[in-house]
Amino acid sequence: MLKHVTKLILIFCLNPIAYSQVEVVESKSAGITRDLESNKYGIIGLKGDTLVPFDYESLPNTISDRMVAKKNGKYGMINGKNEILIQFIYDHIYTYYPYFVTVRKQSSDSKFDICSVVDTSLKTIISENEGYGKIQPITGILGDGGYKEKNLSFNGYDLKNRKVSLLDNEGKRYRTFPFDAVVPLDKYLRAIIHRPTEFDDLEGLIDWEGKVLLKPEYRFIFWIHKDKVCVKQDVDYSNAQILDLKTQEVIVDKYPMVQKPDENGCMIIGKYENGNDFRGIISSEYELIYPMCNCTIDYLQNNKKYEITRNETKEVEYVFCN
């Protein structure tokens, strides 16, 4: 606390006239500061020299060679020398360090935003003319899920026409799908339709070429294992269903929860009742091999067996999947 106060007094003494009201936000060799009278931010050196004038409604908390700033209600990007890297014409700028930034602004003839993407060299790789209302990076958000081998980097959302495109790192389209979003699920894609008047979205399943394997009519798709898929019609009340992906016939519809099969094909089943979690085990043939109990069940992969712990007595027993 004493160190912070010392830096504040130092700036007052060295530059008492131009910036008589300055609050130090963060300080190393220079500090991002706020003029309390104008409520604008700038950068001032510890010797009192102004590095960036107090022209900005917002600056980041740390000084770098690329900083998103706000000026006259619009966002842009500057460096520590106050050189403009991205013009102040955008409603927002999203940074995804160290890869790229996306810039967003309101379309003049539509209620939808339009976005573009700038890479680390400040080169525009996706322009506003592409018509995307939202652009998000795939890396670091959705995991790999098959994207890496296809050299895909972005999801581009055409919100106006309710389409989503998968894009490579140069902004080129891999394929466009007539859904609000797609998310990788094993070797397939979960196709999602947003319902503005409903709490839950609807989900289906497509392959990477866009062939519909399951129509988007499920509240959630849990997992896929070989040619079987686990879905749920209602998130809270219905039982989970296991479908044959080829015939779409229902194989199992008895349990509120079914976990993805282990290496032997057995599955942990479960339900929540009266404040307690009940768990059991079914075989690869969907036969009950351990009845539901108020217990915790963990699959011990190294030993290829299940550890069952009774929640009330803490008794432990083990079951092998046959």
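The values are calculated or read from the model by the stated rules, or taken from the named source; none is laboratory data. Remember, predicted model here, so these are calculated numbers, not experimental data. Backbone-built Cβ (ideal geometry, glycine too); neighbour counts: all protein chains shown.
Worth pointing out:
- Checked against (1) out of contact with any Asp or Glu (no Cβ under 8 Å at 6 or more places or on another chain); (2) outside any strand (DSSP E or B), Gln136 passes all but condition (2).
- All positions within the range 164-221 that are surrounded by fewer than 19 Cβ atoms within 10 Å (Cβ to Cβ), among the basic types (Lys, Arg) and either closer than 30 Å to Ser116 by Cβ or free of Cβ contacts under 8 Å to residues at least 40 places away in the same chain (or both): Lys172, Arg173, Arg175, Arg195, Lys211, Lys215, Arg219
- Among the residues of the range 229-261, the ones that are surrounded by fewer than 19 Cβ atoms within 10 Å (Cβ to Cβ) and not polar (S, T, N, Q) come to 16 in all.
- Members of the range 59-82 found to be surrounded by fewer than 15 Cβ atoms within 10 Å (Cβ to Cβ) and without any contact (Cβ under 8 Å) to a residue 24 or more places away in the chain, listed by number: Ser64, Asp65, Asn72, Gly73, Asn79
- The lone exception for Leu85 - which of (1) surrounded by 13 or more Cβ atoms within 10 Å (Cβ to Cβ); (2) at pLDDT below 85 it fails: (2)
- Exactly one residue out of Ile281, Ile308 is assigned to a strand (DSSP E or B), touching a residue at least 40 places away in the same chain (Cβ under 8 Å) and touching a Cys at 6+ places or on another chain (Cβ under 7 Å): that is Ile281.
- Filter result for Tyr157 (more than 23 Å from Cys115 (Cα to Cα) and among the hydroxyl-bearing types (Ser, Thr, Tyr)): no
- Test: residue in the range 289-301 that is within 23 Å of Phe222 (Cα to Cα), among the hydroxyl-bearing types (Ser, Thr, Tyr) and in contact (Cβ under 8 Å) with a residue 40 or more places away in the chain: no
- Answer residue from the range 12-66, given it is part of a loop (DSSP other than H, G, I, E, B) and among the hydrophobic types (A, V, I, L, M, F, W, C) and is modelled with the lowest pLDDT among those: Ile17
- Per the listing Asp109, Asp200, Asp144, the residue uniquely modelled with pLDDT under 90, part of a loop (DSSP other than H, G, I, E, B) and either within 16 Å of the chain's Cα centre (by Cα) or closer than 17 Å to Tyr94 by Cβ (or both) is Asp144.
- The range 290-305, residues that are in contact with a Phe, Trp or Tyr (Cβ under 8 Å, 6 or more places away or on another chain) and either surrounded by 12 or more Cβ atoms within 10 Å (Cβ to Cβ) or basic (Lys, Arg) (or both): Tyr290, Met292, Cys293, Asn294, Cys295, Ile297, Asp298, Tyr299, Lys304, Lys305
- Taking the range 279-293 as the range and being within 34 Å of the chain's Cα centre (by Cα) and at pLDDT below 95 as the test, only Ser284 passes.
- Restricting attention to the range 294-315 and to residues that are of a type in the set (D, E, K, R) and under 34 Å from the mean Cα position of the chain (by Cα), the residue that is modelled with the lowest pLDDT turns out to be Lys304.
- Qualifying residue in the range 234-245 (condition: charged (D, E, K, R), under 30 Å from Lys215 (Cβ atoms) and touching a residue at least 40 places away in the same chain (Cβ under 8 Å)): no
- Of all residues in the range 306-322, those satisfying the criterion of being surrounded by 16 or more Cβ atoms within 10 Å (Cβ to Cβ) and of a type outside the set (Ser, Thr, Tyr) are Ile308, Cys321.
- Complete set of residues in the range 173-193 that are in a loop (DSSP other than H, G, I, E, B) and under 26 Å from Gln106 (Cβ atoms): Pro178, Phe179, Asp180
Conditions tested, residue by residue: (1) within 23 Å of the chain's Cα centre (by Cα); (2) farther than 23 Å from Ile297 by Cα; (3) assigned to a strand (DSSP E or B).
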position: Lys215; (1), (2), (3): no, yes, yes
position: Ile221; (1), (2), (3): yes, no, yes
position: Asp234; (1), (2), (3): no, yes, no
position: Tyr237; (1), (2), (3): no, no, no
position: Gln241; (1), (2), (3): no, no, yes
position: Thr247; (1), (2), (3): no, yes, no
